[in-house]
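Just so it is clear, none of the values below were taken in a lab; they were calculated from the coordinates. Nothing here was measured: the structure is a model prediction, and the numbers come from that model. Cβ coordinates were reconstructed from backbone atoms using ideal geometry, including for glycine residues, and neighbour counts include every protein chain displayed.
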Amino acid sequence: MKGRRFYHSVLSAFILAVCFSACESSPKPLYSWGSYELQVYAYLNGESRGDQLTALERDLEKIETNVPPGFYAHMGLLYAEMGNAAEAIACFTMEKTLFPEARVFMDFLLVNYGRSATPQYE
């Protein structure tokens, strides 16, 4: 009887240890969003494009990897609205490279912002 109690105590302690160790190691998020969502909200509310662009550029320096989908596209849109077509094209191209599923829309934006090549689809 004592052996059974000891076994159950050890088993319970092991299960608790496993549960608590699993709680500490939560998975890392796939993307680093920074203030991207706040900047999209600010864009929709008509706030300063320059301030939004500055915040996104600051976020980009911190993110380095795992840039979220739409991040470069939004930066490109801001650059385009501020009259910087070269930077807009660079951002749209980067979005297209990182997220091939956005290719059709990015090609549309690239054609409309001075890219002479006609998009090719498979």
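At a glance:
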{"read-out": "Cα pair count fraction exceeding 22 Å, expressed as % - region 36-112", "value": "18 percent"}
{"read-out": "Hz values of 3J(HN,Hα) by residue in region 89-95 - Karplus curve (6.51, -1.76, 1.60), Gly and Pro given as x", "value": "4, 4, 5, 4, 5, 5, 4"}
{"read-out": "Table column - 3J(HN,Hα) (Hz), region 48-59, Karplus curve with 6.51, -1.76, 1.60, x for Gly and Pro", "value": "4, 5, x, 5, 5, 5, 4, 5, 5, 5, 5, 5"}
{"read-out": "Gain on full stretching of the segment that runs from residue 86 to residue 47 - 0.36 nm per residue minus C-alpha separation", "value": "11.8 nm"}
{"read-out": "Virtual spin-label span in nm between residue 65 and residue 103, 7 Å along Cα→Cβ", "value": "2.5 nm"}
